[in-house]
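Quick notes on the structure that follows.
The values are calculated or read from the model by the stated rules, or taken from the named source; none is laboratory data. Computed from a predicted structure; not experimentally measured. Note: ideal-geometry Cβ built from the backbone for every residue, glycine included; neighbour counts use all protein chains shown.
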Amino acid sequence: MAIGEMAVKAYGKYFLVRKLAEGGMAEIFLAKSMGVEGFEKNVVIKRMLPHLSTAPDFVSMFLDEARLAASLAHPNIVQISDLGLADGCYYICMEYLAGEDFATVLRTAKRRGEHTPLNIVLRVIGEAAVGLHFAHEALDPKGQPLNLVHRDISPSNVFITYSGQVKVLDFGIAKAESRATATGAGVVKGKYQYMSPEQARGDGPVDRRSDVFSLGVSLYEAVTGQRPFARDTDLAVLKAVLEGEYQPVRALRPDLPLEVESIINKAMAQEAEHRYPSALAMAQDIERYIGATTSASGGQALVNFMAGFFGPERVKSKTRIESLDELSARGIDVPGKSNPLSPKTDVGVLVQPNQDRTNVLATPGNIKTDPARGGGAGKPWALILGALVAGVVGAVVVVKMMQPPVVVPVVVVDAGVSQPLPPVVDAGIAPVVDAGLAVAPAPDAGSEEVVDAGRVVPAKPIQLTAVIVKKRIDTVKGRIQKCFQDHKVELPTPQGVLRVDFEIAPSGKVTSITTSLPGTAVSKCVEGAVKSAGFPRHVDQGIHVPLPLSWDVRP
């Protein structure tokens, strides 16, 4: 299943709304928890991959994670509310966090050629340290220390919400001394570039000071924009970690205050006994520096920074999640609710009123016009509903005319991925349900055409249809896929969806193009590919195209 929008699916007592990510052990969904009188709560479901659900070791590890995380009730740790089994797969239900992981913040700042403000970095690391300390101090039901170690602290496992909270995520490989599924000697788990030397050796126990080291590495990266142990191969990374080979922080950031440099050096001491004895001790040093250098409220400072850094549209997309009723009204299949655009039809097929509810594919050959409603070649009031499927489905384009005649062709474009996405319906236009509605004709097959640089170009403005848009996007799909491959280091996940929005002017020129990864090399590459598609001159004032493109750059 591709990451992104999908038909809503019932799963146990939840509704799965959208796939957010997939790892080697589980897949993660935005979901809804339902109650009486239309109560809805946004949650996240982490579901074990089906093929692992019969593997005892993986099941034990997954259940260990759930039990450990559920026992850690703290404002700086993501909250687990449920553990269950549905459709043969175990799942964890956790709170939905509207925000960004710290890795995304740092990556975005680096792309913009700037550093994340020091007071923000210190606030994030300090609060993460407080959450870690709580986990390190956790007790079992008998009141005995769990001696829990996270073992995978990195910027990607520290989350900042748009409401100013900082949360530590993913205790998936955490180890407590008393757990039944123990990590064996010699088994190295975690992200190599953030590991402590003792964890990288894998030949003995690690304690809370290993997490302190990883937090120090994260702080180093946040203030310099570089990972201290980044090397070309995993073996070279491990060697650098074991030997403590990295540039001094002030060599990369000469303006860094001495107090902050001291905090990083102490947290990253090669020998565990020379580090902070606890994450709390590190947090206290950070808090003392913040208190002496700034008067801003921590939470409000984070709120202001996140809103300004990512912009109101992105904030809204994360904080304003559509209800099931809204999704249904937009044409997404929701169990138990009617779909005004596609009542339980196949993906990509939209049924017109008063038609038999059989699969209908809108093509130039079956489009008709109604002269009584002005359906001539130039000025029809029209709605084209259909899907043109070409090979392996990769992305969906919804094209909307900005003035009457209104034309909404739906085009499916192969972007080189292996999983189909469902049709995307533009929420900005209401569905038309007039049985007598005229449908726009295809361009006149006899129109005069000329050949320009190997491309067929109409000699006079035409009416732009789904077929034409599809053909032009098809010509650049290979280039788009190459953009994802060439710049995969900038992509937030190995699989995902890039949102591209642009206008097609009457001249055929692409204007006002934006993407959901602004300012990145991958965005500029995709924008260039779309602009090169070469749309023909057309008779309409302007066409808006919201284009979701799936990527899959897994090895």
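Just to verify a result, which residue in the range 285-300, among those that are assigned to a helix (DSSP H, G or I) and among the hydrophobic types (A, V, I, L, M, F, W, C), is modelled with the highest pLDDT? Per the stated criteria, the residue is 286.
On the stretch given as the range 9-33, residues that are free of Cβ contacts under 8 Å to residues at least 24 places away in the same chain and in a strand (DSSP E or B) total 4.
Restricting attention to the range 234-255, the residues being touching a residue at least 40 places away in the same chain (Cβ under 8 Å) and either exposed (fewer than 13 other Cβ atoms within 10 Å of the Cβ) or more than 32 Å from the chain's Cα centre (by Cα) (or both) number 3.
Scanning the range 34-52 for residues that are part of a loop (DSSP other than H, G, I, E, B) and either in contact with a helix residue (DSSP H, G or I) (Cβ under 6 Å, 6 or more places away or on another chain) or closer than 23 Å to residue 70 by Cα (or both) yields 35, 49.
The set of residues in the range 499-527 being more than 19 Å from residue 105 (Cβ to Cβ), surrounded by 14 or more Cβ atoms within 10 Å (Cβ to Cβ), out of contact with any Pro (no Cβ under 9 Å at 6 or more places or on another chain) and not β-branched (Val, Ile, Thr) consists of 503, 505, 524, 525, 527. Selection within the range 230-281: residues that are assigned to a loop (DSSP other than H, G, I, E, B) and basic (Lys, Arg). The member of this set that is nearest to residue 206 (Cα to Cα) is 275.
Residues of the range 274-284 include at least one that is in the same structural domain as residue 131 (by TED's automatic domain parsing), surrounded by fewer than 14 Cβ atoms within 10 Å (Cβ to Cβ) and either on the phi > 0 side of the Ramachandran plot or modelled with pLDDT of 95 or more (or both). In the range 53-160, counting only helices (runs of 4 or more DSSP H) that sit wholly within it, the ones holding 3 or more residues that are under 24 Å from residue 224 (Cα atoms) and of a type in the set (A, V, I, L, M) span 102-111, 118-136. If the condition is being over 14 Å from residue 477 (Cα atoms), assigned to a loop (DSSP other than H, G, I, E, B), touching a strand residue (DSSP E or B) at 6+ places or on another chain (Cβ under 9 Å) and not aliphatic (A, V, I, L, M), then the range 521-555 contributes 535, 536, 537, 540, 541, 542, 554.
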